[in-house]
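Report on one structure; see the data block that follows.
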Amino acid sequence: IEGEVVKMSIENSCEKSMRKTYSVETIVKKMRNKTFRFDYAGQRMGGQWPLIMQSNLVSDVLQGNPIPDIVLAEEVNNGFPIIWNIDGKQRCTTLEAFRRDVFNISSKVKRYMIRYGSRREMSTGSFEFEWMEFDIRGKKYSQLPEELKEKFDDYTFEAVQYINCSKEEIDYHIRRYNEGKPMTASQKGIAVLGYDKAQLIKSISSSEFFQSCCNFGKNDRKNGATERVAVESVMTAFFPNEWKKSQEIMFQFVGENVSNDMLYEFDEYLSDLAPYITDETATMF
């Protein structure tokens, strides 16, 4: 028996991935209780999609159209699994946002008349079924018929889930799954830094100094420009003679040569500087 247990353990540890199925309702629930994590340091931010893309996704879900798999990676930390999203972040965050009534369906959505079956109870106690159509343009989740709400919640995604990954493996999979997608150079660079440095760079780029003293727009934060400026600033502070014109090479240089202590030190510089920034001096940054 002991031999069988050992054999099973070895076989399980050799498995690299498994396939699972998750409903939209389950994904939203796991996002809210942090069972599924969408904030891995090497990933780009959510909210990359314009309203029309978000609306077309919701329409596809309500139609029951197939949607590409999502990809997850399990990292075991002190014996507890953390499930990180690797691919499908924009899909999942879009559906979670729609579920919370964050946005209305665009008037330009490709397919807006959604057909669904409705059940009506008769006075005799029997049920009558009929086909209905609903125009989803301009609607939020709360404004959908109950049948479409149920259809939305019950829609299932196929998921590939990698098992017992290291942070290096997660970084590798993020880059691998995004090779054919339009990530910016800055977003790709973040994944090169490694988890710890990427987390510190993101912390710097979201600090009070970057939030209040620098003239970044919403799109700058979405496309990774704030992280790029944070990396460039660190290079200027510690390695001015090693400046790299290529963002990819610069991110790689920072990942290989800048220590975590340097990043902590730079973050302290900004914290000390922020209270003394005026309207006049802020233009310098």
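Of everything in segment 252-285 that is touching a Lys or Arg at 6+ places or on another chain (Cβ under 8 Å) and not β-branched (V, I, T), the residue that is farthest from Q211 (Cα to Cα) is F253. Within segment 135-147, the residues that satisfy the criterion of being within 15 Å of Q63 (Cβ to Cβ) and open to solvent by less than 40 Å² (accessible area, probe 1.4 Å) are I136, L144, P145. If you go through segment 95-116 and keep only what is in a loop (DSSP other than H, G, I, E, B), among the β-branched types (V, I, T) and crowded, with 17+ Cβ neighbours inside 10 Å, you end up with I105, V109. Looking only at residues of segment 80-117 that are touching a residue at least 24 places away in the same chain (Cβ under 8 Å) and among the aromatic types (F, W, Y), we find that the one that is farthest from K149 (Cα to Cα) is W84.
Which residues, taken from segment 199-218, are outside any loop (DSSP other than H, G, I, E, B) and open to solvent by less than 20 Å² (accessible area, probe 1.4 Å)? I201, I204, S205, F209, F210, listed by residue number. Candidates are the residues of segment 234-280 that are among the hydroxyl-bearing types (S, T, Y) and not in a loop (DSSP other than H, G, I, E, B); the one that is surrounded by the fewest Cβ atoms within 10 Å (Cβ to Cβ) is Y276.
Is it fair to say A191 is modelled with pLDDT under 85 and open to solvent by less than 60 Å² (accessible area, probe 1.4 Å)? Considered against the rule, which asks whether it is modelled with pLDDT under 85 and open to solvent by less than 60 Å² (accessible area, probe 1.4 Å), A191 comes out as yes.
Using the structure shown, decide if E168 is under 30 Å from G79 (Cβ atoms), loosely packed, with under 13 Cβ neighbours inside 10 Å and acidic (D, E).
Details: under 30 Å from G79 (Cβ atoms): yes; loosely packed, with under 13 Cβ neighbours inside 10 Å: yes; acidic (D, E): yes.
So E168 fits the description; yes.
Run down E25, E11, E2 and say which single residue is more than 16 Å from the chain's Cα centre (by Cα), more than 25 Å from N223 (Cα to Cα), among the acidic types (D, E) and modelled with pLDDT of 90 or more.
Numbers: E11 fails: modelled with pLDDT of 90 or more; E2 fails: modelled with pLDDT of 90 or more.
Sole residue among the options that is more than 16 Å from the chain's Cα centre (by Cα), more than 25 Å from N223 (Cα to Cα), among the acidic types (D, E) and modelled with pLDDT of 90 or more: E25.
Looking at G125, G42, just one residue is open to solvent by less than 50 Å² (accessible area, probe 1.4 Å), modelled with pLDDT under 90 and closer than 25 Å to E146 by Cβ, and that residue is G125. Quick one: which of P81, P50 is within 23 Å of K222 (Cα to Cα), open to solvent by 50 Å² or more (accessible area, probe 1.4 Å) and not aliphatic (A, V, I, L, M)? Checking each option against the conditions leaves just P50. Looking only at residues in segment 74-94 that are among the charged types (D, E, K, R) and in a strand (DSSP E or B), the one that is farthest from D60 (Cα to Cα) is E75. The set of residues in segment 219-233 that are touching a helix residue (DSSP H, G or I) at 6+ places or on another chain (Cβ under 9 Å) and open to solvent by 30 Å² or more (accessible area, probe 1.4 Å) comprises N219, D220, R221, N223, R228, V229, E232, S233. Of the listed requirements (1) assigned to a loop (DSSP other than H, G, I, E, B); (2) closer than 28 Å to D279 by Cβ, N164 misses just one: (2).
The values are calculated or read from the model by the stated rules, or taken from the named source; none is laboratory data. Nothing here was measured: the structure is a model prediction, and the numbers come from that model. Counting neighbours? That spans all protein chains shown, and the Cβs are built from the backbone with ideal geometry, glycine included. With ligands, DNA and RNA removed, areas are computed over all heavy atoms of the protein, side chains included. Shrake-Rupley method; radii C 1.70, N 1.55, O 1.52, S 1.80 Å.
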